[in-house]
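What follows is one structure encoded as structure tokens, with my remarks underneath.
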Amino acid sequence: MGRATEHLAEHLGQGVGGLLNATFGNAAELIIALFALSKGLTGVVKASITGSIIGNILLVLGLSFLLGGVKYQKQEFNRTAASISATALTLAAIALIIPTIFHVVAAQVPVGLGGWTPAREQNLSLAIAIVLLVTYALTLVFTLVTHKSLFGNSHDAAKDAGKDVRKIETESDADESWSMTKSVSVLVGATVFVALVSEFLVGAVEGARETLGLTEVFVGVIIVAIIGNAAEHSSAILLALRNKMDVTIGIAVGSSLQVALLIAPILIFASYLFGRPMDLEFTLPEVIAVAAAILIVEQISGDGESNWVEGVQLLSVYAVLAILFYFLPDVHAAGASTAVPAH
Amino acid sequence: MGRATEHLAEHLGQGVGGLLNATFGNAAELIIALFALSKGLTGVVKASITGSIIGNILLVLGLSFLLGGVKYQKQEFNRTAASISATALTLAAIALIIPTIFHVVAAQVPVGLGGWTPAREQNLSLAIAIVLLVTYALTLVFTLVTHKSLFGNSHDAAKDAGKDVRKIETESDADESWSMTKSVSVLVGATVFVALVSEFLVGAVEGARETLGLTEVFVGVIIVAIIGNAAEHSSAILLALRNKMDVTIGIAVGSSLQVALLIAPILIFASYLFGRPMDLEFTLPEVIAVAAAILIVEQISGDGESNWVEGVQLLSVYAVLAILFYFLPDVHAAGASTAVPAH
Amino acid sequence: MGRATEHLAEHLGQGVGGLLNATFGNAAELIIALFALSKGLTGVVKASITGSIIGNILLVLGLSFLLGGVKYQKQEFNRTAASISATALTLAAIALIIPTIFHVVAAQVPVGLGGWTPAREQNLSLAIAIVLLVTYALTLVFTLVTHKSLFGNSHDAAKDAGKDVRKIETESDADESWSMTKSVSVLVGATVFVALVSEFLVGAVEGARETLGLTEVFVGVIIVAIIGNAAEHSSAILLALRNKMDVTIGIAVGSSLQVALLIAPILIFASYLFGRPMDLEFTLPEVIAVAAAILIVEQISGDGESNWVEGVQLLSVYAVLAILFYFLPDVHAAGASTAVPAH
């Protein structure tokens, strides 16, 4: 899929290519979520959004910093680029907290006076989804058009990184250029394949879950996220071992960012198409987990350098959050039921 | 008013002048708030404090970064000065959260054992107001006396900026120096004028509010703040277009800071004079809005440079918060009624 | 005690010496807490943990910045070292918030479906305590082994600071080297002495408390912390006056860090030995106080320089938090009773 996107990019230009790459890089997450959404499992969808955000910036980035830092005393990256991404994540965290705040406050007021109703929560979420999507689009313009030099300067990263990613994904690059048709076919084929594998994996995980006595929320936030982000894991860590920290951060933070600013809004819109409108109201532990993850990443990435203990710190926060979700009862089911009052 | 203050400064020295300028720059907000306070509308007063803080650092600063950033690839400002202000804002946010925490916790305890009462909330708020005021006074000493070079070094900002502001406010500066009497008269006259206009505007807004079906809290936090900060808006944006970012930040962040550390305490003290003691307990959405705004400004101003996408990020947070207040039922009325238990 | 540790370090090596110094530096806090723990006073223990964390980073560091900043226009310190510590504190804050979140969420679910029970809260706390301890151990490896140059580079601080601390602690250093036996004896003796003095002080404070009408939580969080950290206070301030900011920060932030990452986990483990398991669930005001303190320290230490107004800002936050705890009714007793349901 990575290569197909890349070849398509040759036809459509680097800007659109970057957009495509970003979009299809999270394809697995999106497809799993759309399946769950079509069945009305909004709790599972939200758990996977949470899990994907914290998994990328805590687990993937943490392992990268740790393993890269064991090899190198100190690793450097472009501070401005990292800071823009971290701020965008903060923005996303604020946006994802707002619907929960709305619920808490509006629930105290009678419906007749403007109190909480599912429809109002959905309208609020829809409006926020539009703001997030516009922000994401403008961030792409910034990254790909007006300030692209910022994201490709250090160590000639742009070119180098492209080569590295390609080398990692496949050592054989005999086919130099694909036709437009071939690219699109491979892309669609790969997407269908991922969809099937994802369905199978989710089914298998569900079976294992009951055997192991794990809760749905733990599986959704922790286990599924680890499986779903396997591609990001291996790429990011391998690049950290080659001291290409800008690309590592681009993958880990960029992926979280995309889930928050692109995938989440798309899922909201899709939920309307499916006739089962979803809102953006997360449970308290999810909100805290996302806020904590973003806070610590912001601090760690602020100085433009990393070392192994920073990796340990990210992993510690991940461990603490995993412990919380392990001990938590299945509140997500409860959360989902308040969002869709069936009785 | 700006010019009157400036001329008065010539008589009293730059230090006192700066204090005066800061004080009278927020005169409109203060006067609107005092009117509302005298009528016992503490909910409206708090909404205007919230609105003024988030309006200045999200809307004014966001538009300045965006428009300045469209013209310049990158704009720089004094990191240390911006950081001192951002930290002072964080301090203010913490101080404004405390009374709400106190209410939540103390309300669970019977009054006989030290539980929540309006009087205790007011005493707590009064003590915090004194801390804020002392901090503000010491910050002025830092800015105007011990470290004034810090706030006027980059690009000879001090002198330049003064000139720029004057040029913006009026292109005709025939009258080079006013007498002390004239300055004071103009100042008092302008203040009375602002008071009348504000009263009129607030009345007009109230009429429009009912026609448009907007809630009081949305009007208080969003609409009134935009009107009340119009002066800051135009000055800050024009200076950003001239690449005088230090002054832009001084106006936007400084104005928020003053509302939190000076205006809010003054209003608490004034409420005792009016015999209708106000506390500093804000509603949950207000607390979250202020905390979110300050968090994102802190991140964005931390690196001493700005670009257009940072403007977009600030405006996005403002949009998300505006959406929250648009959908919120009129909880402020409810909040005020819990603070003043009528039954 | 300081000198005994130092001499012991000569026998066991600098690495172990640092560990010992850190461990015994907080001996008073640990001993007070163990006494309280053995009596089942978990509320008092938690209050002293909270008080020690916020006291060190707000009061000690604030006074150091203020007094050092009055003498020097600007003081500099190693940004990377300060940033690692601040991030570790953030991690600790997140870890200490999690048990409270767990309680809030799990309490809404029936026990049969995985709802809140004291045993589950204790297991969660035990798991988090292990993560904190492992993180602390790895941070020590980072500080003392792999990146020790980072913590001793600026102004040859390592050697200098050692000398300074020794000079402060005692002006007479006739005895150049002690035997292993003597070191251990002095250490044990001093520890017993501290234990007795602490017991006496806590008793005296309790008497004074009732006379003055102060609440237990105010005494626990504010008064005991000031007495218990007296050693850190004097050393940190004296070093700030000599412009040795790296050591000042090492003492103040390092001490807070150790309380959160080492003392708190040890107390959890000890509580099991005593047969009265303690959890890590803090009251809401404690969680907010720790989070606020860490947030503001993170901001202030982020730029690697300090001045007197930053000291004022830290002290203002301390004052605001002290005001909160002064007005708060004794909720800690209530909090402790929910954690140990006796009826």
task = Could you check how many residues of the stretch A:313-322 are surrounded by fewer than 24 Cβ atoms within 10 Å (Cβ to Cβ) and within 7 Å of chain C (Cβ to nearest Cβ)?
result = 1
message = So B:Ala127 passes all but one of these: (1) touching a residue at least 12 places away in the same chain (Cβ under 8 Å); (2) surrounded by fewer than 22 Cβ atoms within 10 Å (Cβ to Cβ); (3) within 21 Å of the chain's Cα centre (by Cα). Which condition number does it fail?
response = (1)
remark   = C:Gly112 passes all but one of the listed conditions (1) surrounded by fewer than 24 Cβ atoms within 10 Å (Cβ to Cβ); (2) touching a helix residue (DSSP H, G or I) at 6+ places or on another chain (Cβ under 8 Å); (3) in a helix (DSSP H, G or I); (4) not acidic (Asp, Glu); the exception is number (2)
task = Among what's in the stretch B:94-109 and is more than 9 Å from chain C (Cβ to nearest Cβ) and touching a helix residue (DSSP H, G or I) at 6+ places or on another chain (Cβ under 8 Å), pick the residue that is surrounded by the most Cβ atoms within 10 Å (Cβ to Cβ).
result = B:Leu96
task = Just give me the residues in the stretch C:47-68 being open to solvent by 10 Å² or more (accessible area, probe 1.4 Å) and under 19 Å from the mean Cα position of the chain (by Cα), in sequence order.
result = C:Ser48, C:Leu59, C:Leu63
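Of everything in the stretch B:271-290 that's among the small types (Gly, Ala, Ser) and at pLDDT below 90, which residue is surrounded by the most Cβ atoms within 10 Å (Cβ to Cβ)? If you could, list the steps in order and put the result at the bottom.
In the first step, residues of the stretch B:271-290 are kept if they are among the small types (Gly, Ala, Ser); the result is B:271, B:275, B:289.
Next, from what is left, pick out any that are at pLDDT below 90: B:271, B:275.
Working: B:Ser271: 24, B:Gly275: 8.
It comes out as B:Ser271.
Counting only residues that are under 12 Å from the mean Cα position of the chain (by Cα), open to solvent by less than 50 Å² (accessible area, probe 1.4 Å) and either hydrophobic (A, V, I, L, M, F, W, C) or more than 17 Å from C:Gly43 (Cβ to Cβ) (or both), how many does the stretch C:222-249 have?
Applying the first criterion (under 12 Å from the mean Cα position of the chain (by Cα)) to the stretch C:222-249 yields C:225-226, C:228-229, C:232.
Add one more test, that the residue is open to solvent by less than 50 Å² (accessible area, probe 1.4 Å), and what stays is C:225, C:228-229, C:232.
If we keep only those that are either hydrophobic (A, V, I, L, M, F, W, C) or more than 17 Å from C:Gly43 (Cβ to Cβ) (or both) too, we end up with C:225, C:229, C:232.
Counting residues in the stretch C:222-249 that are under 12 Å from the mean Cα position of the chain (by Cα), open to solvent by less than 50 Å² (accessible area, probe 1.4 Å) and either hydrophobic (A, V, I, L, M, F, W, C) or more than 17 Å from C:Gly43 (Cβ to Cβ) (or both) gives 3.
Residue-wise test of (1) charged (D, E, K, R); (2) modelled with pLDDT under 75; (3) touching a Ser or Thr at 6+ places or on another chain (Cβ under 8 Å).
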{"position": "B:Ile98", "(1), (2), (3)": "no, no, no"}
{"position": "B:Gln108", "(1), (2), (3)": "no, no, no"}
{"position": "B:Gly115", "(1), (2), (3)": "no, no, no"}
{"position": "B:Val134", "(1), (2), (3)": "no, no, yes"}
{"position": "B:Ala137", "(1), (2), (3)": "no, no, no"}
{"position": "B:Thr146", "(1), (2), (3)": "no, no, no"}
{"position": "B:Ser149", "(1), (2), (3)": "no, yes, no"}
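Scan the stretch C:69-82 for residues that are under 12 Å from C:Asp246 (Cα atoms), open to solvent by 20 Å² or more (accessible area, probe 1.4 Å) and either at the interface with another protein chain (Cβ under 9 Å from one of its Cβ atoms) or not charged (D, E, K, R) (or both) and jot them down.
Scanning the stretch C:69-82 gives C:Asn78, C:Arg79, C:Thr80.
Give me the residue from the stretch B:115-141 that is in a loop (DSSP other than H, G, I, E, B) and not aromatic (Phe, Trp, Tyr) and, out of that set, farthest from the other protein chains (Cβ to nearest Cβ).
Step one: of the stretch B:115-141, the residues in a loop (DSSP other than H, G, I, E, B) are B:115-117.
When the remaining residues are screened for being not aromatic (Phe, Trp, Tyr), the result is B:115, B:117.
Details: B:Gly115: 6, B:Thr117: 11 Å.
Selected residue: B:Thr117.
Being outside any loop (DSSP other than H, G, I, E, B) and at the interface with another protein chain (Cβ under 9 Å from one of its Cβ atoms) is the filter; apply it to the stretch A:277-288 and report the residue that is nearest to A:Thr100 (Cα to Cα). Before you say what the answer is, go through the steps one by one.
Residues of the stretch A:277-288 that are outside any loop (DSSP other than H, G, I, E, B), as a first pass: A:284-288.
With at the interface with another protein chain (Cβ under 9 Å from one of its Cβ atoms) added as a condition, the list becomes A:284-285, A:288.
Details: A:Leu284: 8, A:Pro285: 11, A:Ile288: 11 Å.
The residue in question is A:Leu284.
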query = Taking the stretch A:211-261 on its own, how many of its residues are at pLDDT 80 or above and of a type in the set (D, E, K, R)?
reply = 3
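Give me the residue from the stretch B:298-310 that is assigned to a helix (DSSP H, G or I) and facing chain A (nearest Cβ under 10 Å) and, out of that set, surrounded by the fewest Cβ atoms within 10 Å (Cβ to Cβ).
Residues of the stretch B:298-310 assigned to a helix (DSSP H, G or I): B:298-301, B:308-310.
Okay, now just the ones that are also facing chain A (nearest Cβ under 10 Å), so B:298-300, B:308-310.
Numbers: B:Glu298: 25, B:Gln299: 21, B:Ile300: 28, B:Trp308: 23, B:Val309: 24, B:Glu310: 27.
Filtering the stretch B:298-310 for residues that are assigned to a helix (DSSP H, G or I) and facing chain A (nearest Cβ under 10 Å), the one surrounded by the fewest Cβ atoms within 10 Å (Cβ to Cβ) comes out as B:Gln299.
The values are calculated or read from the model by the stated rules, or taken from the named source; none is laboratory data. Just so it is clear, the structure is predicted and the values come from calculations on it, not from any experiment. Neighbour counts are summed over all protein chains in view; Cβ atoms, including those assigned to glycine, are modelled from backbone coordinates with ideal geometry. Accessible surface is based on the protein model in full, side chains and every heavy atom, while ligands, DNA and RNA are left aside. Shrake-Rupley method; radii C 1.70, N 1.55, O 1.52, S 1.80 Å.
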